[in-house]
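The next block holds one structure in the form of structure tokens; read it before the comments.
The values are calculated or read from the model by the stated rules, or taken from the named source; none is laboratory data. Computed from a prediction, not measured in an experiment: that's the story for all the values here. Note: ideal-geometry Cβ built from the backbone for every residue, glycine included; neighbour counts use all protein chains shown.
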Amino acid sequence: MPWVNINFDDAKKIASTIEDNEVVKSHLTFGAEYDSVLEWFIQTEVKTLAEIAEDSTEWGNHWNTENSPRKVVETGSREEWCANNIYDFAGNVDEWTQEQNESSYRVIRGGYCDFVGDHCPVAFRYCDNPGNDRYFTGFRATLYIK
């Protein structure tokens with residue numbers, strides 16, 4: 001199950017401990033890394049710009065996704081929610097990023113299962129107080145190969 005009910009600082013700390021050795025290091029995903037993955041989806045033609053920027057309903061666990069359980073589900077539970085072997089990038093849970101807006105708030109991406117995919121597509125950014133730990137907000141770790 002995705003790790004949820006976590007605030008930004010704890011997500012950042014845990015993400016950095018997933019892998020930390022001579023070959024691989026992990027960290028909480030930066031906004032630019034998130035955007036790079038979205039661009040990679042477009043370049044490899046697994047998703048269109050419209051599916052990323054306008055309506056992610058068909059490839060994520062959103063409220064308005066056909067046959068959505070309308071709750072957080074185990075990561076990787078449906079193949080149709082996978083793009084380039086990355087599961088649940090759109091929908092299921094919101095994900096903290098290291099991106100910060102003009103205030104001290106942190107940017108959250110992905111859209112969770114209670115949002116509709118045409119209102120909050122995967123490219124949508126919204127912000128929250130980094131001290132908040134909501135039942136639908138989790139995180140994604142990025143692996144850096146040294």
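Looking at the stretch 88-98, is at least one residue in a loop (DSSP other than H, G, I, E, B) and over 15 Å from the mean Cα position of the chain (by Cα)? Steps first, please.
Within the stretch 88-98, the first condition is being in a loop (DSSP other than H, G, I, E, B), and the residues that meet it are 88-90, 92-93.
Next cut, over 15 Å from the mean Cα position of the chain (by Cα) only: none.
No.
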Quick one: in the stretch 43-58, which of the residues that are among the small types (Gly, Ala, Ser) and surrounded by 14 or more Cβ atoms within 10 Å (Cβ to Cβ) is farthest from ASP114 (Cα to Cα)? ALA53
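Hey, could you check the stretch 59-74 for residues that are surrounded by 17 or more Cβ atoms within 10 Å (Cβ to Cβ) and of a type outside the set (A, V, I, L, M, F, W, C) and say which is nearest to PHE115 (Cα to Cα)?
So the first thing to find is which residues in the stretch 59-74 are surrounded by 17 or more Cβ atoms within 10 Å (Cβ to Cβ), and the list is 59-63, 65, 68, 72-73.
Keeping just the survivors that are of a type outside the set (A, V, I, L, M, F, W, C) gives 60-62, 65, 68.
Details: GLY60: 11, ASN61: 9, HIS62: 6, THR65: 10, SER68: 11 Å.
Out of the qualifying residues, it is HIS62.
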Given the condition within 21 Å of ASP128 (Cα to Cα), out of contact with any Lys or Arg (no Cβ under 7 Å at 6 or more places or on another chain) and part of a helix (DSSP H, G or I), answer yes or no: does some residue in the stretch 37-44 qualify? no
Would you call PHE115 of a type in the set (Phe, Trp, Tyr) and touching a Lys or Arg at 6+ places or on another chain (Cβ under 9 Å)? no
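In the stretch 88-104, what residues are surrounded by 17 or more Cβ atoms within 10 Å (Cβ to Cβ), without any contact (Cβ under 8 Å) to a residue 40 or more places away in the chain and of a type outside the set (A, V, I, L, M, F, W, C)?
Filtering the stretch 88-104 down to residues surrounded by 17 or more Cβ atoms within 10 Å (Cβ to Cβ) leaves 88-99.
Next cut, without any contact (Cβ under 8 Å) to a residue 40 or more places away in the chain only: 90-91.
Selection gives GLY91 alone.
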If you go through VAL122, VAL46, the only one that is among the aliphatic types (A, V, I, L, M), at pLDDT 95 or above and closer than 20 Å to THR29 by Cα is VAL122
Within the stretch 45-81, the residues that are without any contact (Cβ under 8 Å) to a residue 40 or more places away in the chain, more than 23 Å from ALA141 (Cβ to Cβ), part of a loop (DSSP other than H, G, I, E, B) and not charged (D, E, K, R) are THR48, ASN67
Out of all the residues in the stretch 6-35, which are farther than 18 Å from ARG106 by Cβ and assigned to a loop (DSSP other than H, G, I, E, B)? THR17, ILE18, GLU19, ASN21, GLU22, VAL23
Which residues, counting only those in the stretch 108-146, are in a strand (DSSP E or B), within 11 Å of the chain's Cα centre (by Cα) and aliphatic (A, V, I, L, M)? ILE108, ALA141
